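Below is one structure, written out as structure tokens; comments come after it.
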Amino acid sequence: MSVTIIARLKAKAGSEQALEEAFRDMITKVRAAEPGCQAYVLHKSAKDATQFVWYETYADQAAVDIHMKTDHMKAMGGRIKDLLDGAPQVEFLKELDRK
């Protein structure tokens, strides 16, 4: 069954736009190069412009592993590290059932 990732990231004040641009670039790369990625959706808090949340779904753990090892994922870490206010909070979820 699929694997879902919920990732919460907080931008440093004043870095919101730069972080969003980096994320939008990543969306293009993931959707173009990762067929095992079933959903790659970025959200921004309606109450706090510094709060971003990713909702990602992958076909299986192998697709997650591929995602984590891509050049664009490795580059993203370096690109956004100085834009973040703290470490990302990442939760991995295993699908139990689907109707």
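The values are calculated or read from the model by the stated rules, or taken from the named source; none is laboratory data. Small disclaimer: the values here were computed from a predicted structure and weren't measured. Because the Cβ atoms are built from the backbone with ideal geometry, glycine has one as well, and the counts that use them run over all protein chains shown.
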Please count how many residues of segment 63-77 are modelled with pLDDT under 95 and over 13 Å from the mean Cα position of the chain (by Cα).
0
Quick one: which residue in Ala39, Ala46, Ala7, Ala63 is touching a Cys at 6+ places or on another chain (Cβ under 8 Å) and among the hydrophobic types (A, V, I, L, M, F, W, C)?
Ala63
For segment 75-99, give me the residue count where each residue is surrounded by 11 or more Cβ atoms within 10 Å (Cβ to Cβ) and among the charged types (D, E, K, R).
3
Look through Glu56, Glu16, Glu34 and report the one residue that is of a type in the set (Asp, Glu) and under 12 Å from the mean Cα position of the chain (by Cα).
Glu56
Counting residues that are in contact with a helix residue (DSSP H, G or I) (Cβ under 7 Å, 6 or more places away or on another chain), which strands (runs of 3 or more DSSP E) fully inside segment 37-99 reach at least 1?
37-44, 51-58
Can you find a residue in segment 1-11 that is exposed (fewer than 15 other Cβ atoms within 10 Å of the Cβ), touching a Leu at 6+ places or on another chain (Cβ under 8 Å) and modelled with pLDDT under 95?
yes
Restricting segment 13-32 to residues that are part of a helix (DSSP H, G or I) and of a type in the set (Gly, Ala, Ser), the residue that is nearest to Thr57 (Cα to Cα)
Ala32
Mind listing just one residue for me: the one in segment 36-64 that is out of contact with any Phe, Trp or Tyr (no Cβ under 9 Å at 6 or more places or on another chain) and free of Cβ contacts under 8 Å to residues at least 24 places away in the same chain and, of those, surrounded by the most Cβ atoms within 10 Å (Cβ to Cβ)?
Asp48
